[in-house]
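Here the structure comes first, spelled out in structure tokens, and everything after it is commentary.
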Amino acid sequence: MVIKVENLVKRYGELVVLDHFNLEVGEGEIFGLLGPNGSGKSTSIHCMLSLLTYDKGEVMLFDKKMTPKSYDIKKDIGIVMQNVAVFEELTVYENIDYFCSLYVKDKERRKELVESAIDFCALNSFVKFYPAKLSGGLLRRLNIACGIVHKPKLVIMDEPTVAVDPQSRNNILEGIKKLNKEGTTILYTSHYMEEIEQICTRIAIMDRGRIIAKGTKEELKAMIGLGEKITMEVYQLEREKLEELKKLPGVKMASYDGNILTIKSEKGRNNLSPILHYMEEGNVVFGKVYTEMPTLNDVFLEMTGKELRDNG
Amino acid sequence: MVKQIYYNLKLVIREKEILFWNGIFTILLSTMFALAFGNMLDYEKMEPVSMALIEEENQENEIFREVINALEQEGYIKVTKVTEEGEAKKLLAEKNVAAYMEYGEELKITVQESGYATTFLKSVFDNYAQKQATYEHMMEQLQRPLTQEEVVRLMEEENYFTKVESNHAEPDLVLNYFFTIIAMGCLYSGLNGVRLVKNIQGNQSDVAVRNSLSPMPRYKLFLSSVVANFAVQYGLIGILVLYMKYMLKVEFGTHMAMVFLVNGVGVFMGLSLGVLVGAISHSKENVKQWIVMGITMLGCYLAGMMDSSMKYKVQENAPFLAYINPSNLLTDAYYSLYYYPDMERTMTNLAIMCGFSLLFCGIGIFALRRQQYESI
Amino acid sequence: MKVFSTYLRILNKHKGSISLAMIIFVAMAVISVKSSDISQITEFQEEKIAVCVINQDEDTVLSDGLKAYMNEHTELLRENEVTNIEDALFFRQVEYVVIIPKGFYKDFLLGKKPKLESYYVENSYSAYCVENLINNYLSTFKNYALSFPDAAPETIIENTKRDMETECNVSIGKGNETNEMNGWMVTFFSCAAYAVLGVITMGITTVIKSFKQIDVKRRTLCSPVSYMKINKKVWMGHGVFGLVVFGILVLLGTVLLGKTVFSVKGLYQLLNLFAFELCAMGIATLMSQFVSNSSAIAAVSNTISICLCFLGGCFVPLEYMSSTAKTVGSFTPAYWYSKATENLYELSEFRLTLMGGYFKCLAIEVGFAIAFFSIALLVEKQKTMGKWKEA
């Protein structure tokens, strides 16, 4: 295992921030840690990296116990933090070179690595810029470049795409996949389920300091009793007809608001046919029809009773 | 580590704010001091005092005339003769003379204002009046005129003094102001110390977290930063000293090599003060910087930056305070290098400064050793 | 009124850094204004030169008599008050040190011409005065001793003392009398220039920086309220701020100087201070066109206040400054402020014919203020029209 965390507990006075937190990440995985704001994602990472003290538990990285002085472990770790951690007084090139020099002593090798990181993050046109002159997306890319320049075996990314535009976000996610293809294990935390679903091989859902579910995205979605969600444009629907719809086999939940009928069906196939059949039989006029499979947000909602993004 | 030193040098040189306070501000302030204090001690320097003498036509006093001529020849006074009081008053009002004098039954002097020059003038003519009184009283008591020998002896100007030859430099009080500026500049290195800690201590900045997570041992990160900051600050203070010496003509004595040694110890002491404040205080960076500036400015005030006599008063009345004030230790080191021929006092100051540096650094390093925190 | 209240809120948020100069000034003013009795000084007072007499001989009639005489005419320090002669001389805590060597009295009476040892500042008035005093005393003593060889030493001392009490009549010319309170007023108002410059430049520049932030300014320009109207409110804020600062200084002056602040001389000083405050506001508005970063504001504000006050003779009297310094200083408003203060100091009557110098200085200060405001407005206009790069 690249990361093995057992029964990690951290308290701030009476407040339990990490409550018997367990995690295992294998080599070559992109492991997603998904949870709302305040669930303990960043705290768990800081404890794993021995930046924060913890009250109980054990952290092993690369099958070795992690301590603040584990320099042999640290040389194989790269970190991309939530906040942009670069020097304002150094240019893009100088920042990447500086942080690389903390890991790589050989001048030639370092030069190669820096240029490779610049290419990887598409910062070639901005090497002489100071951070103050960069846009949000570029700063994030610089932040990533500083974290991965030394080609670490494990990269920990703590919400690296916060406040980034969709195009830049896409570029970052593609870059992460590329990194993983080169053999890097990645632990990726976020509260954006779309990102997690897009790139992660395995996912853990976290809430209130503990993992509440983990597995691949299919395994997680299979944990809940929800099937597809059907959305229809319906111009007029009486209350009785809505009540009858709810009683149809396979329908778990139905709601009608602002000409939109939303139906959540149970797990299984052919949920759409009986509903369409009923609408036709009942002479209910409808327009567009959409169906979508359950998301991780649905998984989270089912398990905790709350949305991923409405908390904190 | 060489690369870290290289980048830290770049960081320091590009921190415009700190460069301003440590470099430009000290040079500006010393230039202002030089312009303002240029003639500060002129009031005590002896120059012929200009005076008007009202000489009426029928006035006869040969002895008094001889006395005036003798005084003028010796360069104590510069006389403008007038014939009436109105003229003398006009000269006085227009500040063309410092005083005017009339000689009637008694000597009467009218001055512009009280001061050293007019006190000196009074002293010159008191001498004359006192000798005249002695002459009259002696005649009265002897009940006979004085003999030639007695008169000669009475008029003789005897000097009972011998100046103790000292190998000290000239006591130029103004120099202390410049020494306090250098002390201020050295201790302002503390601002660099605060910034240095911010980049290393994991619970103070994101860059520090990144630094902490690297395989580079903390002591190397710390050392490379200290070396870079020290080099730049030492260079700035060196420029300041050279500027003062060659452009402002400030005297530092004959031991310039020692002056540069004091610079080095002073900069290091300032830097370690900043490390101490940065490591043990939990406030924001700008508050820590204000703490360093506050300690420096208060120390400089007690070392005589605003009122030069303050340094002496503290030294005499609260010597302990003088020994624990970093600004005073530095100022005193420069002062004793200039003024005293031997090194004893300078060495004492240097030893105490080294002690403080080690103490500040030691406590700071101990606080920085912690690599795990309760919260970030 | 929202703009105006925003102005005040911004000031309030930065009250710490803005009031730093005022705090320093208060400390300086309180320390400078002494608590001794304020008396009208119309008589000449000779400078009491700080002297220390160290007697290594026995206590004799001569040494005691000399010390008693010195005590009346100098500031005689006790031996234990001067622990380090060299340091005391350097810092002018003592200006002359006399050491009476062992056996001096005996040799003196035997006519051997013994010497007193001395430490002093070369070529100074004080050295001459002290040596003159002591030489004369000893010569007079010697003359009586030689002319009256049978007289008791106490009698000789009496005679010497009597003769040495003879002094010339020295008086101060009419119209030149100084009032000690006058002196403290000069000190207070000189230091007040620093407070005015420091507080006004920090305050106004900080507020304008907030209003001129690029996004805030763009948002303002997109609003239905004209920029001119907003600017007027901001200027109103400057005015109120200036009046508050002035009020604080008047209050402080009243606390430290009492009713003299409202005497004729005091009111003219206040008028001078007000004119200087207008200059400070002009400097601040000009400064705000070029400086927009908070740390840069602190640095520039401090530099301007200290430099102008030094060059203008606010910290050190103009008479101590070199002619070069005065020439350079005359291009600053602080110099004319100090000159006006100096002119007022010397006046004992306030007839308009005598106050030409004062009004000239005032006019120059107002001229500086108008110039600064005009340049600031010009730069602002150029920037708004896009010809200058935004700070």
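The values are calculated or read from the model by the stated rules, or taken from the named source; none is laboratory data. Small disclaimer: the values here were computed from a predicted structure and weren't measured. Cβ: placed from backbone, ideal geometry, glycine included. Neighbour counts: every protein chain shown. Side chains included, ligands, DNA and RNA excluded: accessible areas come from the protein's heavy atoms. Shrake-Rupley method; radii C 1.70, N 1.55, O 1.52, S 1.80 Å.
Between residue B:342 and residue B:6, the simple label model (points 7 Å from Cα in the Cβ direction) yields a spacing of 5.0 nm.
For segment B:15-31, a reduction of at least 50 Å² in accessible area between the chain on its own and the assembled protein chains (probe 1.4 Å) is found at B:21. Across the options A:21, A:5, A:136, the greatest Cα extent toward the positive end of the charge dipole of chain A (unit charges at beta carbon of Lys, Arg, Asp, Glu) belongs to A:5.
Amide H to amide H distances under 5 Å link residue B:281 with no residue, where only residues 5 or more positions off or on other chains count and H is placed in the peptide plane. Comparing mean-square fluctuations of B:145, B:171, B:341 from a GNM of chain B with C-alpha springs under 10 Å, the top value falls on B:145.
Within chain A, what's the longest run with no GluC sites (Glu not before Pro) in a DSSP loop and at most 13 other beta-carbon atoms within 10 Å? Give the range, please. Excluding the exposed sites themselves, the longest stretch runs over A:89-181.
Against the main long axis of the alpha-carbon atoms of chain B, helix B:189-198 sits at an angle near 10°. Look at the stretch C:81-91: the mean tally of other chain Cβ atoms within 10 Å of its residues' Cβ atoms is 6. Sorted largest first, the spans of the alpha carbon positions of segment C:50-164 along the three principal axes are 46, 26, 22 Å.
Under 15 Å from the 7 Å Cα→Cβ point of residue A:19, by amide nitrogen: which residues of segment A:41-62? In segment A:41-62, the label zone of residue A:19 (backbone N under 15 Å from the point 7 Å along Cα→Cβ) covers A:41.
Treating each Cα of segment B:47-155 as an identical point scatterer and summing with the Debye formula, the log10 of I(q)/I(0) at q = 0.13, 0.17 Å⁻¹ comes to -0.54, -0.84.
Rounded to the nearest percent, how much of the accessible area of the protein assembly as shown (1.4 Å probe, protein heavy atoms only) is carbon and sulfur?
Details: 27190 of 48660 Å².
Ligands and nucleic acids excluded, carbon and sulfur give 56 percent.
Gain on full extension, evaluated as 0.36 nm per residue between residue C:146 and residue C:122 minus their Cα-Cα distance, stands at 5.3 nm.
A Förster radius of 35 Å, combined with the Cβ-Cβ distance separating residue B:78 from residue C:324, puts the computed FRET efficiency at roughly 0.90. Accessible surface calculations at 1.4 Å, restricted to protein heavy atoms, place segment B:41-173 at 56 Å² per residue. In chain B the longest region clear of trypsin sites (Lys or Arg not before Pro) that are loop-assigned by DSSP and have at most 12 other C-beta atoms within 10 Å covers B:96-248.
Between A:285, A:92, A:164, the residue with the greatest mean-square fluctuation in the GNM of chain A (Cα pairs under 10 Å linked by springs) is A:285. For residue A:127 and residue A:303, FRET efficiency with R0 = 51 Å and r from the beta-carbon atoms, rounded to 0.05? About 0.65, to the nearest 0.05.
Taking every DSSP beta bridge that has both ends in chain C, the antiparallel portion is near 45%.
Put a dot 7 Å past the Cα of residue A:277, heading toward its Cβ, do the same for residue C:59, and the two dots end up 13.1 nm apart.
With a 1.4 angstrom probe, the accessible area lost at the A-B interface totals about 3200 Å². Charging the Cβ of each Asp and Glu at -1 and of each Lys and Arg at +1, and nothing else, the dipole of the protein assembly as shown about its Cα centre rounds to 7400 debye. Loop-located GluC sites (Glu not before Pro) in segment B:126-167 (DSSP state other than H, G, I, E, B) with a sparse environment of at most 14 neighbouring Cβ atoms within 10 Å: B:156, B:157, B:158, B:165. Using C-alpha pairs under 8 Å with a sequence gap of at least 6, the mean separation divided by the residue count of segment C:50-164 gives a relative contact order of 28 percent. Note on segment B:215-249 and segment C:38-112: Cα centroid distance 48 Å, given to the nearest whole angstrom. Here the Karplus curve 6.51 cos²θ - 1.76 cosθ + 1.60, taken at θ = phi - 60°, turns the phi angles of segment B:95-103 into couplings of 6, 7, 10, 8, 6, 10, 10, 10, 10 Hz, with x standing for Gly and Pro.
Taking all protein chains together and a 1.4 Å probe, the residues A:253, B:305 rank A:253, B:305 from largest to smallest accessible area.
Helical runs (DSSP H, four residues minimum) scored at -39500 (n - 2.57) apiece and divided by the length of the protein assembly as shown put the mean residue ellipticity at 222 nm at -18000 deg cm²/dmol.
A simple spin-label model places the labels of residue B:153 and residue C:331 6.7 nm from each other, with each point 7 Å out along Cα-to-Cβ. Look at the stretch A:96-105: the mean tally of other chain Cβ atoms within 10 Å of its residues' Cβ atoms is 5. Only lysine pairs 8 or more places apart, or on different chains, with alpha-carbon atoms under 19 angstrom apart are counted in segment C:50-164, and they number 15.
Panel note: contact residues of segment B:204-232 (accessible area lowered by at least 20 Å² against the chain on its own; 1.4 Å probe) correspond to B:206, B:207, B:209, B:210, B:211, B:212, B:213, B:214, B:215, B:216, B:217. Mean Kyte-Doolittle hydropathy of -0.5 or higher plus an axial Cα length of 15 Å or more: which whole DSSP H helices in chain C meet both? Those that pass (Cα extent of 15 Å or more, hydropathy at least -0.5) are C:2-13, C:20-32, C:61-73, C:125-147, C:180-211, C:227-257, C:264-287, C:294-311, C:356-384. Multiplying each eigenvalue of the alpha-carbon gyration tensor of the protein assembly as shown by 5 and taking the square root yields semi-axes of 84, 35, 22 Å, largest first, rounded to whole angstroms. When chains B and C come together, the accessible area they lose, probed at 1.4 Å and totalled over both chains, is close to 7900 Å². Coupling constants for segment B:230-243 follow from the phi torsions by the Karplus curve (6.51 cos²θ - 1.76 cosθ + 1.60, θ = phi - 60°), and in residue order they are 4, 4, 5, 5, 4, x, 5, 5, x, 4, 4, 5, 5, 4 Hz; glycine and proline get x. Using heavy atoms of the protein chains and a probe of 1.4 Å, the accessible area assigned to residue B:320 is about 150 Å². Per residue, the accessible area of segment A:3-221 comes to 40 Å², computed with a 1.4 Å probe over protein heavy atoms only.
Using a Gaussian network model of chain B in which every pair of alpha carbons under 10 angstrom is joined by a spring, one finds that among B:38, B:304, B:270 the greatest mean-square fluctuation is at B:38.
For the protein assembly as shown, the residue among C:196, B:52, C:260 whose Cα projects farthest onto the positive side of the dipole built from Cβ charges is C:196. For the pair segment C:262-324 / segment C:327-387, the C-alpha centres are spaced 11 Å from each other.
For chain B, the antiparallel share of DSSP beta bridges with both residues in that region comes to about 35%.
Cα-based radius of gyration for segment A:3-221, normalised by 2.2 N^0.38 Å, reads 1.00.
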